[in-house]
1. D for region 25-261, whole µm²/s, Stokes-Einstein with Kirkwood Rh over alpha-carbon pairs at 20 °C and 1.002 mPa s: what number?
2. Give the relative contact order (percent, whole number) for region 25-261; include only Cα pairs under 8 Å separated by 6+ residues.
3. Could you compute the FRET efficiency for residue 240 and residue 172, with r as their C-beta to C-beta distance and R0 at 41 Å, rounded to 0.05?
4. In straight Cα distance, which aspartates and glutamates are under 16 Å from residue 6, not counting same-chain residues fewer than 8 positions off?
5. Give me 241, 216 ranked fewest to most by other Cβ atoms within 10 Å of their Cβ, as a rough exposure proxy.
6. Could you give the length gained on full extension between residue 223 and residue 126, defined as 0.36 nm per residue of separation minus the Cα-Cα distance, in nm?
7. Can you compute the charge dipole magnitude of region 81-127 about its Cα centre, using +1 on each Lys and Arg Cβ and -1 on each Asp and Glu Cβ, nothing else charged? Give it in debye, rounded to the nearest 20.
8. At 0.36 nm per residue, and after removing the present C-alpha to C-alpha distance, how many nm does the segment from residue 252 to residue 208 gain when stretched out fully?
Amino acid sequence: MKTKEKLPQESSTLLVPEVYDVPQHVAVIMDGNGRWATQRHLPRMAGHERGVAALKGVVEGCARHGVKALTVFAFSSENWRRPEEEVSFLMNLFLLALEREVRALRANGVQLRIIGDLSAFSAKLQRAIEKAQATTKENTGLRLTVAVNYGGRWDLLAAVRKMLDANPDLARSGAAIDEESLAPHLCLSDLPEPDLFIRTGGEKRVSNFMLWQLAYAELYFTDTLWPDFDEEALEAAFASYRQRERRFGRTSEQVVTARTCG
Ligand code: IPE
Ligand code: IPE
Ligand code: MG
């Protein structure tokens, strides 16, 4: 049996991570579904439906290019502020997509994981999430994480609570708290930090996504609306990534020396 490849998890602030031509971990804010639909005089919901199709293409593209992990933002902790009709449509779509796509994910070796505060979801949706995760658990290909009812601040606060539950002494000795005590309690602590962050839809903000983990990610913003984000658009993001000099605090000269001297 093929064993699961262990991915390096070093902190980008504690040491300089290895850099590859292809990002190991890609994080995406899939934005612009509503505008895509409005431009076509369609209800916003049509844009969300097309958004699921775009995600399927990006999952395939990432797997083909050798990306190890893909994390996508599907519903933020702030998206509850949307009209009730849209929120319930999105919940339904999420349930349908889970039920419909899990077989293909399993067949393609994709390991699916959902992160976020799942307690807000219906029992039915929670069961579907558990089932989909269990079905793809043994897969050794692309690690696909979907963030729903997720927020970077929620992640950080939950991690602090878990850290203190695991080690109550730390509550009395704040000075003893360091990255290594907190980081293991954050979501996705078993994956390398994202190398490339993509946001479609033209906005240039992180909207409370992976605030800790994006510390040294290369940021890529495109006006392309998420339903239009196809293979070519993904390749353009990868091409931009390849041009970046990832310095992690060093000088350009140091980067060049490290590259030529191994
Ligand atoms: C992203 O598209 C999907 C979700 C946030 C659920 P939007 O729905 O935000 O699309 P725009 O930004 O209104 O075009
Ligand atoms: C961010 O998109 C969240 C998701 C894509 C799920 P939004 O469209 O909700 O972000 P803001 O509100 O414009 O910052
Ligand atoms: Mg939006």
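The numbers here are math on the coordinates, done by the rules we state, and not lab data. Keep in mind the model is a prediction, meaning the values are calculated, not measured. Quick reminder, even Gly has a Cβ in these numbers, built from the backbone with ideal geometry, and neighbours come from all protein chains shown.
1. Working: Rh = 19.2 Å.
Answer from the Stokes-Einstein relation: 112 µm²/s.
2. Numbers: 345 pairs, mean separation 64.5, N = 237.
Relative contact order comes out at 27 percent.
3. 0.30
4. The qualifying aspartates and glutamates are 18, 138, 190, 193.
5. So the residues, fewest neighbours to most, are 216, 241.
6. 31.6 nm
7. Values: 8 positive and 6 negative charges, 53 e Å.
My answer is approximately 260 debye.
8. On the way: separation 44, 0.36 × 44 = 15.84 nm, distance 3.04 nm.
Residue separation times 0.36 nm, minus the Cα-Cα distance, leaves 12.8 nm.
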